[in-house]
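Below: one structure, written as structure tokens.
Every number here is computed from the coordinates shown, using simple stated rules; none is lab data. Model, not experiment: these values are computed from the prediction. All Cβ positions, glycine included, derive from the backbone under ideal geometry; neighbour counts span all protein chains shown.
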Amino acid sequence: MAKVGDIKTKNGIETTVTNIDPETGQITWSVEYAPDYLKLFKEVTEMVETAKEVAQMTGDPFFKDHYNDVRKLRNQLRTYLRNNKAQEYARIKGVNEDSTSGAAGAYLTKNAFNKDKKAKGTASNYYYKMGWKPVNQKQLNKQAKGIEVKHLFEK
């Protein structure tokens with residue numbers, strides 16, 4: 001149930017409950033527009049990714065310089081937010097770690113299902129952070145005959 005003073009912020013719009021009519025339950029809101037740091041950071045990050053792709057595809061020095069400039073801008077923005085807007089940075093960091101790919105979450109990283117567990121990036125695999133451990137293949141082969149084993153991520 002809403003209470004006077006409740007604040008919600010979404011997509012750069014901050015709403016505050018200012019009054020609730022006890023007779024009808026009608027809620028009055030105050031609406032303020034707030035800076036949307038999350039949207040800014042997401043779009044700058046997308047621009048970095050696009051600039052990198054173009055620079056790699058073309059090999060043109062102009063685009064390599066452009067990519068480096070955009071990456072530097074994104075890093076400066078991230079540093080500013082981390083040092084001056086700690087709450088916003090924590091929110092951005094949480095979203096960034098989860099990924100913006102929707103239901104797939106953090107599983108779309110290029111090394112998430114790498115069979116070579118010593119390969120770069122697999123040490124930070126999302127499953128391992130959650131406490132899961134890789135299956136010991138020798139133990140798997142020694143299991144009782146009545147246990148069904150399904151390899152979910154193999155062809």
Only unsatisfied item for L38, checking (1) without any contact (Cβ under 8 Å) to a residue 40 or more places away in the chain; (2) aliphatic (A, V, I, L, M); (3) within 22 Å of N84 (Cβ to Cβ), is (1)
Does T28 satisfy the criteria of being among the polar types (S, T, N, Q) and in contact with a helix residue (DSSP H, G or I) (Cβ under 7 Å, 6 or more places away or on another chain)?
-> no
